[in-house]
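Data first, discussion second: the structure below is written as structure tokens.
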Amino acid sequence: MLISLMLTSMLTSTLSGCLKQAQIPQAAAPTPVAVGAVMEYLDAETVEAVPDALSSAVGDALTARNLPPTLVDAASWSDARNSQLRLQQLGEASDAELLLLLETHAEFFSQLSGQFRWTVSVRATVATSVDLEGAVVEEFEVPVFLFNYNEREREALEAATPTIERKVGGLVEQFLGL
Amino acid sequence: MRSWLGSAGCLALSLVTLTPAVALAGKAEVGGYLRVATRPDSQGGDGKLGYWNLHGRLLNEGPYAALEGKIDLLERRPGEIEPWASAHVKFEGGGVGNAEPSNGSLTQWRMSQLYVKSGNVGLKDFTWQVGTLDYYFGDLGLYDMRPAQIFFETVGLSGRYQTDTLDVVVGAGDSGYFMKGSEYNTVFTAGGAARVRLGRFFEIGGGGQLMREPEVGGNRYAPHYTPDVGYEDWLRGEVVEGFFSENNGTIEDFPDPVATSAGSAKAIGYLGFGGFGPVRWNNFYINYQTLHPDNFTTETWQDEEVILYVTELTDERTQLNLGNELQLKVLPQRLDAVWGVLYGDYSDGDNSIAPSNHARTFVSTVLRLQAYVTPTVHLLAETSVAREVSKNGSAYREHIDSIFENTAGKTDSEGFEYGDTDTRETFQGKAGVVLSPLGTGVYTRPSLRLLYGVQISNQNNAFGNSFVETLDQYNDFGNVERHTHHVLALETEVWF
């Protein structure tokens, strides 16, 4: 047992030591981004801000690309029920040159082999504040597994955060040609 | 800068237009689960560390996969309270090429679930389900067990009312095909469960199901009993022989079966709390059940098969199962722990003479620690201690020659006892490296694991094996006495 632990510890050190972070492309000059991120519910008209873990991860992804983010309070967007209206409100709420709108919801799939499977749907929109028509939109779904029944929509979004962060980073790079 | 950004936006691929999405029918999605491993075993085992999950699922389960498809017949959309419907199908099984004895045979697979769900039809927050109805409060992840489960065997109709604080399901149907297969007879099943969330930190639930198999005269697969069958004679397979040694006559004179009805019941409970301090969540599950009786067995007399109906010999079996699992964040993002406890008390009022899986108690505890060297490279250590006690005498062999000591230390060729002890005590320890691309968490998957496991048991060769156990002079292979078992494992597990 002791020998095995020593071996695995050596292997772990080697593996973690070998990992190199990929270089993240950055904008040539700091470019402010207004971020509006909403979470919607099925069978309810409620609109809420996304969990802090998700908004701060998206903020980190933007900061790493030299795109300082400003989070706009999107919880009061119940009346704006489509992306176009929301993007418009986001543009009006900020002076930032770049707009990032995240619209999310989570749907329960089933209890699958002991875990609760949820599907997080994300619609990410990037546009410049002067050309909303030229917005680029990416829609994607992230399956996540939650172990406890008390973990619901918000926890599903938190669990999907690493994938959403990566997708949003890629979308922004694509939009800016980084 | 603005013009540069504008042109960049125009150049970028427009992946989807800004037009609002429309409700879709036919949107399909597939989820699933798989685990596959190679566990070289130089001690002659079958690749599992011990006999079963009582010692924790890790290194004690074989390969397995499940695929569940969902197709939206009428999609749910956020912000809209409209009717919706979806169809689900689930295939699962343990047939995996190169990893188990059937070598991936599809005979090891089955369509275990098929159902349609529809919500907001007539009632808001209410979901109808027609088809298979499997429902459980949650899972003991360390053991891969679900003590608080109902409708696992049932196909029928259920209704579920679900809000943030209340979850109620009521259902009814038939469990005959799952329970009796080709010897089908209707087993009416009805039950329900409710779970209440009290604040953020506490949940409680309970429920149960009743099964009733009616008396159906003339149906050989319906419950019957054969009169005047002694339990000991039945165990020995000597009922027919005994009858004809006391009664002259032909096979037609053997007593006819008498039609009867059969029933069983299950009560379940759940208690969950957590979300404070280091306690992520604690799940406690309990069930108490009276098992459904068996239908018939056969004996051969003078080259003729005689059917013995055994409903009355198998209708006093009960089970009590309790399981608890505590998930702890010991050092946030550095060390997590999960601690499980499992207890079972199984009784058989008909059987007081022979060791059996229906007459035993067991208790086990499993502790898993997972340390995060980096978010994606983890160290895992798990240990378990378990004790199983047979209520009807010796059931385990401590030594290769235990067969000579199976009743009160003496050979008894007519005895029912199997070994030389009524208690099996087992310790397991497991440790290794886990690669987890999606980050930290004991139950975060996918995970790729390199593990070593050791088991120490008082039972001789307490793991699946192909050893020759006979002690006769014609055994050319000899016998092996071994109480310590080692396994190396390279494995992966994914929920997707």
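FYI, it's all coordinate maths here, none of it is from the lab. All values reported here derive from a predicted model rather than from experimental measurement. For neighbour counting, all protein chains shown are included, and Cβ atoms are generated from backbone atoms with ideal geometry for every residue, glycine included.
P(r) for the protein assembly as shown, from all Cα pairs and a bin width of 20 Å, is 15, 42, 30, 10, 2, 0 %, short bins first.
In chain B, the longest principal axis of the Cα atoms and the axis of helix B:2-11 are about 50 degrees apart. Pull out a ≥ b ≥ c, the square roots of the eigenvalues of the alpha-carbon gyration tensor of region B:17-112, then state rounded if a/c is under 1.5, prolate if not and a/b is larger than b/c, and oblate in the remaining case. It comes out prolate by the Cα gyration axes. Straight-line cross-link reach from B:K90 at under 16 Å between alpha-carbon atoms covers these lysines, not counting any fewer than eight positions away in the same chain: B:K70, B:K117. For chain B, evaluate the Debye formula with one uniform point scatterer on each Cα (no solvent term) and list log10 I(q)/I(0) at q = 0.13 Å⁻¹, rounded to two decimals. Per q value, in the given order, log10 I(q)/I(0) is -1.54. Residue-wise HN-Hα couplings along region B:324-333, as the Karplus relation 6.51 cos²θ - 1.76 cosθ + 1.60 with θ = phi - 60° gives them from phi, are 9, 9, 10, 9, 10, 9, 6, 10, x, 6 Hz; Gly and Pro carry x. For region B:57-143, trypsin sites (Lys or Arg not before Pro) are listed when DSSP marks them as loop and at most 12 other Cβ atoms sit within 10 Å of their Cβ; the list is B:K124. Answer rounded, prolate or oblate for region B:228-383, using the Cα gyration tensor with square roots of eigenvalues a ≥ b ≥ c: rounded when a/c is under 1.5, else prolate when a/b is larger than b/c, else oblate. Prolate, because a/c is 1.5 or more and a/b exceeds b/c. Pairs with C-alpha atoms separated by more than 31 Å, drawn from the list B:K27/B:K329; B:K48/B:K391; A:K167/B:K430, are B:K27/B:K329; A:K167/B:K430. Hey, got the average number of other protein chain Cβ atoms within 10 angstrom for residues in B:432-445? Taking all residues of B:432-445 together, the mean is 3. All C-alpha to C-alpha distances of region B:143-242, sorted into 10 Å bins beginning at zero, yield P(r) values of 13, 28, 27, 18, 10, 4, 0 percent in whole numbers. Contact order, relative form, for chain B: 12 percent (alpha carbon pairs under 8 Å, 6 or more residues apart, mean separation divided by residue count). Based on DSSP H segments of at least four residues, each scored -39500 (n - 2.57), chain A has a per-residue ellipticity at 222 nm of -11500 deg cm²/dmol. Counting, for every residue in B:392-401, the Cβ atoms of other protein chains within 10 Å of its Cβ and taking the mean gives 0. Beta bridges assigned by DSSP with both partners in the protein assembly as shown are antiparallel in approximately 95 percent of cases.
Stokes-Einstein diffusion for chain A at 20 °C, viscosity 1.002 mPa s, with a Kirkwood radius from C-alpha pairs, works out to 121 µm²/s.
Taking Cα atoms only, the orientation of helix A:52-63 departs from the longest principal axis of chain A by about 80 degrees.
Seen from B:V480, the other residues with C-beta closer than 14 Å to its C-beta sum to a net charge of -4, counting Lys and Arg as +1 and Asp and Glu as -1. Between A:A27 and A:N66, the built amide H atoms are under 5 Å apart, and every one of these is 5 or more places off in sequence or on another chain.
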